[in-house]
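Here is the structure we will look at, set down as structure tokens.
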Amino acid sequence: MGIVFYLSSIPNLRVSQSNFWDEILRSGAHFILYGIGYFLFFRAINFGKAGKNFLLPLFLTFFYGFFDEIHQSFVPTRSFQIQDLIVDFSGAFLAKIILEEKK
């Protein structure tokens, strides 16, 4: 989450000169990082417990993404992006589905 916060603080952050590839690569990074974030929240909340809570980590991951988007709105050249929030939630939700299947 520290990495996400740091990257969100960088004005004009681009991973490619091409707008198309920049959007694809950044969306992929959002998807993967928030999937990992869900997994880490899941492990922290459920460590050593017999019954597993799958919704609380999803809730926490979503709200971290929401507050990170608010944080970005204060960074020059950055803004709150609903599509980023949707991609964040999608990555977390896929991680939830994968962990539920492994149960």
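None of the figures in this text is laboratory data; all of them are computed from the coordinates on show. Bear in mind that the values here come from a model prediction, so they are computed numbers and not experimental data. Because the Cβ atoms are built from the backbone with ideal geometry, glycine has one as well, and the counts that use them run over all protein chains shown.
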message: Net charge within 10 Å of V4 by Cβ-Cβ distance, Lys/Arg positive one each and Asp/Glu negative one each, not counting V4 itself?
response: -2
message: I'd like the orientation of helix 19-46 relative to the chain: the angle between its Cα long axis and the longest Cα principal axis, in ° from 0 to 90, rounded to 10.
response: 30
task: Evaluate 2.2 N^0.38 Å with N set to the residue count of the stretch 34-103, then give the Cα radius of gyration divided by it.
output: 1.22
- request: Sort Y38, Y6 so that the residue with the fewest other Cβ atoms within 10 Å of its own Cβ comes first and the one with the most comes last.
  value: Y6, Y38
field: Value at 222 nm in deg cm²/dmol, rounded to 500, when DSSP H runs of n ≥ 4 in the chain each add -39,500 (n - 2.57)
entry: -24500 deg cm²/dmol
field: Efficiency of FRET between N53 and I82 - r from beta-carbon atoms, R0 25 angstrom, step 0.05
entry: 0.40
